[in-house]
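To start, the structure itself, in structure tokens.
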Amino acid sequence: MNATGIHIDPSIGEVFELLHRMASCRTLDPFQWMAREAIQKLRDYENRVAEVSSMRDSREASTEDRQHGR
């Protein structure tokens, strides 16, 4: 099952895929490996979102400062 096309970010699609594979795991080792991969992908995604948000906030603050002659 490859559901990456329906997600706005490819990382979320990859996590979705890992979760589906984990649901059908019969042994612990691959389940744990996929869980670690999914967690890392979510951390990477959160870091990217936080970075973009921070850049946007800085840009908005700079624009506001210019508008108010600061």
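Pairing the Cα long axis of helix 10-23 with the longest principal axis of the chain, what angle in degrees results, from 0 to 90 and rounded to the nearest 10? Here the helix axis deviates by roughly 30 degrees. Report note on the peptides 39-50, 15-26: ranked by the mean count of other C-beta atoms within 10 Å, highest first, their order is 15-26, 39-50. Does the chain come out rounded, prolate or oblate by the C-alpha gyration tensor, with a ≥ b ≥ c the root eigenvalues, rounded set by a/c under 1.5 and, if not, prolate when a/b is larger than b/c and oblate if not? Prolate, since a/c reaches 1.5 and a/b exceeds b/c. Over all other residues within a Cβ to Cβ distance under 14 Å of I12, the charged ones net out to -3, with Lys and Arg as +1 and Asp and Glu as -1. Compared with the dominant principal axis of the Cα atoms in the chain, helix 28-67 is inclined by about 10°.
Nothing charged except the Cβ atoms of Lys and Arg (+1) and of Asp and Glu (-1): what's the magnitude of the dipole of the chain about its Cα centre? Round to the nearest 20 debye.
For the chain, the charge dipole is close to 60 debye.
From its DSSP helices (H runs of at least four residues, each -39,500 (n - 2.57)), the chain gives a residue-normalised ellipticity at 222 nm of -27500 deg cm²/dmol. Mean separation of Cα pairs under 8 Å and 6 or more residues apart, divided by the residue count, gives the chain a relative contact order of 24 percent.
Values quoted throughout were computed directly from the atomic coordinates according to the rules given, and no laboratory measurement underlies them. Fair warning: this is a prediction, and the values are worked out from it, not measured in the lab. Positions of Cβ are generated from backbone atoms using ideal geometry, with glycine treated the same way; all protein chains shown enter the neighbour counts.
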